[in-house]
Each structure stands twice: as structure tokens, then as C-alpha cells.
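Asks: Below you will find the structure I want to go over with you.
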Amino acid sequence: MSNMYSGWQSLADDVVRQRRWDRELPAAVKSAYRAAATRGQVDVDFGAGAVTLGAATPRLDLSGEGPMRVPTSGPVQWSALDQLPRCTALTWAGPDRGLAHALADHPIVSSLTWRDAPPVVDLADTGLQHLSLAGADVREVRLPRSLHGLELAAMDRGLTVYAADDGRWLRLTLTGADAATTIPAGLHGVREVALDGSGTMSAAAVEELKELESLRIYWRKPPGHLVDAAALASLTYLAVIELVDGYGLDADTLPDLASLTQLSISGLPDRSRHP
């Protein structure tokens with residue numbers, strides 16, 4: 001079907017991305033995307049030597065850990081992305097070095113993983129829909145209105161995020177979460193949050209999210225404790241809770257939640273053999 005964007009993964013995102021394909025992407029971008037299906041191999045050079053790739057390559061690792069070479073310093077030849085008009089996902093590491101401008105010029109790129117990011121990250125003019133960001137020095141992040149999924153890892157507690165409607169349209173994931181984790185300033189409108197991290201996490205992290213509808217907590221280490229669970233009682237819109245590997249939980253950990261419509265629990269301790 002020549003007028004459709006193929007290759008997207010989740011059904012919900014398919015709908016959003018098809019709408020974006022139909023209404024937002026320039027005609028030249030869509031034409032190049034279609035043509036790349038039959039172009040075969042191309043030589044791609046970001047300034048550190050050419051590498052032969054398929055013109056239909058969907059993902060590109062420019063962090064230094066993949067086969068694609070990028071100069072360790074100096075300018076990056078971002079025009080090389082023109083050779084990969086089906087590339088929708090990039091991985092990058094370190095300072096910006098023209099990355100944000102390149103993404104703005106290549107709106108087909110909808111997903112970015114950025115490690116060791118600099119203090120200021122400005123992606124407001126890009127067409128990104130998903131961003132995974134890590135960097136202990138990051139203090140300020142500016143997001144495009146198109147963004148729907150935001151994953152933050154190893155963030156400073158002083159981080160400020162500038163997002164449309166205080167993040168109301170974002171699915172926020174905080175990886176490496178622990179009992180001291182807080183929601184970054186600027187995201188108090190978020191309605192979907194996932195905490196993914198250590199053996200003890202605190203529900204107080206989401207206490208100020210008065211519009212919160214969905215909370216998912218994934219414990220990656222024992223003991224699987226949730227502290228300050230009473231904080232959830234003030235969230236009058238909280239309808240969905242998912243708890244994974246909470247082996248330190250018991251039957252009365254969660255407070256009464258009148259708004260709750262779905263509770264999913266995976267990995268609870270077996271206390272049936274204890275009086």
C-alpha cells in the first residue's frame with residue numbers, strides 16, 4: 001500500500017504515526033521513503049569514512065557502539081541521513097554537535113536514544129515521538145509537541161522539562177528509580193507513569209501528579225518494597241496500577257482507591273504457608 005507508513009510496532013502508535021504520515025510529513029519525505037524500498041545498498045559517510053548500508057535501514061546507532069563511524073570531534077556530516085530516508089530511529093551519545101538541527105531537517109526520524117546528554121537538550125523543533133534520555137549533567141530539556149513517550153534515566157533532581165501542557169500527553173518512564181526519585185519540574189500534568197528501578201521505591205514520587213491515571217512499577221532488585229503507598233489515596237483519577245516483582249508487598253500495602261478499575265500484579269510472595 002504505497003500511501004501508508006509501514007513498519008511501526010504498537011497498534012496505538014500505529015494510529016498516531018499514520019496520522020502523522022498523512023498530515024504532517026512533507027511530500028518529499030514520503031516520496032523518498034517509498035523510493036528507498038528498492039534502492040538497495042548505499043554508501044553512508046558522517047565524516048569518518050563511508051559504510052555501506054541498505055537504503056531502507058530503519059535504525060542507526062551513531063553512539064560509537066555500532067558499525068557506523070562518526071568523527072570523535074569536529075563537525076558531523078548530517079547530510080548523510082539523506083541516504084537513509086527510511087531511518088526512523090537514532091542512537092546518539094555525548095554533546096549535541098548538530099544533532100537537533102539534523103533531526104529537524106529529517107522529520108522522518110521519530111525515535112531517539114541519547115546517552116551522556118549535555119546540560120541543555122533542545123529538541124523542540126524536531127518531529128520526535130519517543131525520546132530515551134540519559135545523562136547526569138542534564139538540567140534542562142525542551143520537547144516537541146509531537147512527543148508521546150519519554151524515558152529518563154540517571155537524571156539530576158534539579159531537572160526541568162519543557163513539554164506541551166506540562167506533559168499531559170506523555171507516557172513517562174523513569175528508569176533507575178529508587179525511593180528518592182521525584183518527577184521532574186514541568187511534568188506535573190503527566191497521566192501515565194512507569195517507575196522502573198531498585199528494590200525499594202516510593203509512591204510519593206507521583207503524589208503531586210493530580211491528573212495521574214496509570215501507574216506501573218517494576219522492581220529490578222529485591223526486596224520489592226513500596227513505601228509511602230498512602231500517597232496514592234489523593235490521586236482521584238488513578239484507574240490503572242501494575243506491579244511487577246513486588247515481593248516485599250503484602251495485602252494491605254495499597255490504600256483504598258475508589259477510582260481504581262484495573263489492578264495487575266505479577267510476582268508476589270507466597271504467604272499461604274504462613275499463619
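The values are calculated or read from the model by the stated rules, or taken from the named source; none is laboratory data. Not measured: the values here are computed from a predicted model. A quick note on method: Cβ atoms are made from the backbone with ideal geometry, for glycine too, and the neighbour counts reach across all protein chains shown. With ligands, DNA and RNA removed, areas are computed over all heavy atoms of the protein, side chains included. Shrake-Rupley method; radii C 1.70, N 1.55, O 1.52, S 1.80 Å.
Asks: Filter the stretch 34-66 down to the residues that are over 21 Å from S110 (Cα atoms), in a loop (DSSP other than H, G, I, E, B), in contact (Cβ under 8 Å) with a residue 12 or more places away in the chain and open to solvent by 30 Å² or more (accessible area, probe 1.4 Å) and list them by number. So that I can check it myself, show each step before the final result.
Replies: We begin by selecting, within the stretch 34-66, every residue over 21 Å from S110 (Cα atoms); these are 38-43, 45, 47-52.
If we keep only those that are in a loop (DSSP other than H, G, I, E, B) too, we end up with 39-40, 45, 47-50.
Imposing the further condition that a residue be in contact (Cβ under 8 Å) with a residue 12 or more places away in the chain reduces the set to 39-40, 45, 47-49.
Across the stretch 34-66, the qualifying residues are R39, G40, D45, G47, A48.
Residue by residue, here is whether (1) surrounded by fewer than 21 Cβ atoms within 10 Å (Cβ to Cβ); (2) touching a helix residue (DSSP H, G or I) at 6+ places or on another chain (Cβ under 8 Å) holds:
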site: Y162; (1), (2): yes, no
site: A177; (1), (2): no, yes
site: I183; (1), (2): no, yes
site: R191; (1), (2): yes, no
site: A204; (1), (2): yes, yes
site: E207; (1), (2): yes, yes
site: Y218; (1), (2): yes, no
site: D245; (1), (2): yes, no
site: G248; (1), (2): yes, no
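Asks: When L152 is evaluated against the numbered criteria (1) under 24 Å from A35 (Cα atoms); (2) buried (at least 20 other Cβ atoms within 10 Å of the Cβ); (3) in contact with a strand residue (DSSP E or B) (Cβ under 9 Å, 6 or more places away or on another chain), which criterion, by number, is the only one it fails?
Replies: That leaves (1) as the condition not met.
Asks: Across the stretch 67-99, which residue is surrounded by the fewest Cβ atoms within 10 Å (Cβ to Cβ) among those that are in contact with a strand residue (DSSP E or B) (Cβ under 7 Å, 6 or more places away or on another chain) and outside any loop (DSSP other than H, G, I, E, B)?
Replies: Within the stretch 67-99, the first condition is being in contact with a strand residue (DSSP E or B) (Cβ under 7 Å, 6 or more places away or on another chain), and the residues that meet it are 67-69, 80, 83-84, 87-93, 99.
Checking the rest, the ones that are also outside any loop (DSSP other than H, G, I, E, B) come to 80, 83, 89-93, 99.
On the way: A80: 22, Q83: 18, A89: 15, L90: 23, T91: 19, W92: 23, A93: 17, L99: 21.
Only one residue tops the list, namely A89.
Asks: Here is a follow-up. Can you report the number of residues in the stretch 127-137 which are open to solvent by less than 50 Å² (accessible area, probe 1.4 Å) and in contact with a Pro (Cβ under 6 Å, 6 or more places away or on another chain)? Please lay out each step first, then the result.
Replies: Residues of the stretch 127-137 that are open to solvent by less than 50 Å² (accessible area, probe 1.4 Å), as a first pass: 127-129, 131-135.
Subset that is in contact with a Pro (Cβ under 6 Å, 6 or more places away or on another chain): 127-128.
Final tally of qualifying residues: 2.
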